[in-house]
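First the structure, in the form of structure tokens, and then the observations on it.
Computed from the coordinates by the stated procedures, all read-outs in this text should not be read as laboratory data. Bear in mind that the values here come from a model prediction, so they are computed numbers and not experimental data. Virtual Cβ from ideal backbone geometry, glycine too; neighbours counted across all protein chains shown.
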Amino acid sequence: MGGLIRAVVVDDEPLAREGLKLHLAKEPDVVVAGEAADGRKAVGLITSIKPDLVFLDVQMPVLDGFQVVEALASTCLPTIVFVTAYDQYALKAFEVHALDYLLKPFTAERFQTSMRKAREEIAARGSHDSRRRLLELIAERAGEQAHLQRFVIRSGEGYRLVPAADVASFEAQGNYVR
């Protein structure tokens, strides 16, 4: 792959940060470039040093892990591995396209699986294609919530899609909409 992977560890629990740093110290191609104990400090740190990889806790003071990802989405978004003791956040982690989700306490083998995925992701994004793709997905997801693009209307026995731009007004007629 060539070059060192610059990693950042973000967790509000000092022992959890130390545990991750111990795992990372065993990786010859990884250097811990920084650490943060809350979401706001994490955003500042990640924005300033632009690491390749971030191990990010979900539940933290000030900003949670998902808010950190949202704050970074428009500027720089490194490869993200969520690390948490709560499995209920797993689906949401993958919805924001996290690379992996480590459930505390994790084994050395599980950590190695995550590092393998991270190395593959970082190597594959030489042209920053995956970062760009992720930023586009986040922007698309945010845009989906802003405006309807089309309406489903009943037409006879079937249904049709009508582009929102083609609708001038709606009018109620009993149980129907015109």
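Odds and ends about this structure:
- Charges were assigned to the Cβ only: +1 to each Lys and Arg, -1 to each Asp and Glu. The resulting dipole of the range 1-76 about its Cα centre is roughly 260 debye.
- What the Cβ-Cβ distance of Thr75 and Arg116 gives, at R0 = 22 Å and to the nearest 0.05, is a FRET efficiency of 0.20.
- Residues whose amide H falls under 5 Å from that of Ala36, counting only those 5 or more places apart or on a different chain, are Val9, Val10, Asp11, with hydrogens built in the peptide plane.
- Net charge dipole, the range 27-68: roughly 240 debye, given to the nearest 20, about the Cα centre with Cβ charges of +1 for Lys and Arg and -1 for Asp and Glu.
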